[in-house]
1. The conditions are (1) surrounded by 17 or more Cβ atoms within 10 Å (Cβ to Cβ); (2) modelled with pLDDT of 75 or more; (3) more than 24 Å from residue 112 (Cβ to Cβ), and residue 25 fails exactly one of them. Which is it?
2. Provide a single number: the residues in the range 173-187 that are at pLDDT below 90 and over 16 Å from residue 119 (Cβ atoms).
3. Could you give me the residue pairs with C-beta distances under 9 Å whose first residue belongs to the range 116-143 and is at positive phi, whose second residue is acidic (Asp, Glu) wherever it lies, and which are 6+ apart or on separate chains?
4. Surrounded by 14 or more Cβ atoms within 10 Å (Cβ to Cβ), modelled with pLDDT under 90, part of a helix (DSSP H, G or I) and not small (Gly, Ala, Ser), is that true of residue 74?
5. Go through the range 105-147 and give me each residue that's of a type in the set (Gly, Ala, Ser) and either within 17 Å of residue 59 (Cβ to Cβ) or touching a helix residue (DSSP H, G or I) at 6+ places or on another chain (Cβ under 6 Å) (or both).
Amino acid sequence: MVFCSFCGKELSVEAGFCPSCGKQTTGATAGSVAIQSQATQTGMRPNLASEGDRIVAVILDTILIFVISLAILIPLSLFIGFFGAFGSFPSFFFGPMTLITWLFWLLYFTYFESTTGQTLGKQVMKIRVVDETTLQHLDFGMSLVRNILRIIDWLPLFYLIGFLLIATNQKKQRIGDMAARSIVVRI
């Protein structure tokens, strides 16, 4: 098997360019996933995404989620507030709506990172979440673990712990990345 050395996608042997990232495949790695894993362990690292790329990507994703959440939840809260089904408007807005928004956030990141390795913000910034060993996108379970741990990364302020870890860790991993054994790479 041959893998793209930039994004980790499996390639045909005769491919001149990666169909996933478009990079020339002269630097493709031949062999099995075990050989890829050895290369990663011996210091031949993929092109890790910078802190700035990751910050901009999460800001773009946050804006997108916020706009979609408002478009869905404000009419819903007005409807529920009008009929008084959950008590007062403020108690509904800051209770169930916060939970629904968090679940939407969790599913958004988990789905996109487990299917393509990229959320919309990551697509714009040309970065991707991959398994640190195989350099392939995460499966659903690992992506779920990675994204549940965003709660810790958010503390005490907007991603403060996460970005401190990314800035000081050799693999630029936050807590969710460490638990899911994932890295974020440029494509």
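1. (2)
2. Going through the range 173-187 one residue at a time, the tally reaches 0.
3. Short answer, once both residue conditions are applied: 126/53.
4. So residue 74 does not fit the description; no.
5. Once the filter is applied, which keeps residues that are of a type in the set (Gly, Ala, Ser) and either within 17 Å of residue 59 (Cβ to Cβ) or touching a helix residue (DSSP H, G or I) at 6+ places or on another chain (Cβ under 6 Å) (or both), the range 105-147 yields 114, 121, 143.
Yes or no, residue by residue, for (1) closer than 23 Å to residue 64 by Cβ; (2) among the small types (Gly, Ala, Ser):
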residue	(1), (2)
124	yes, no
135	no, no
143	yes, yes
148	yes, no
152	yes, no
158	yes, no
168	no, no
179	no, yes
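The values are calculated or read from the model by the stated rules, or taken from the named source; none is laboratory data. Here the structure is a predicted model, which means the values were calculated and not measured. Every residue, glycine among them, receives a Cβ derived from its backbone with ideal geometry; neighbour counts consider all protein chains shown.
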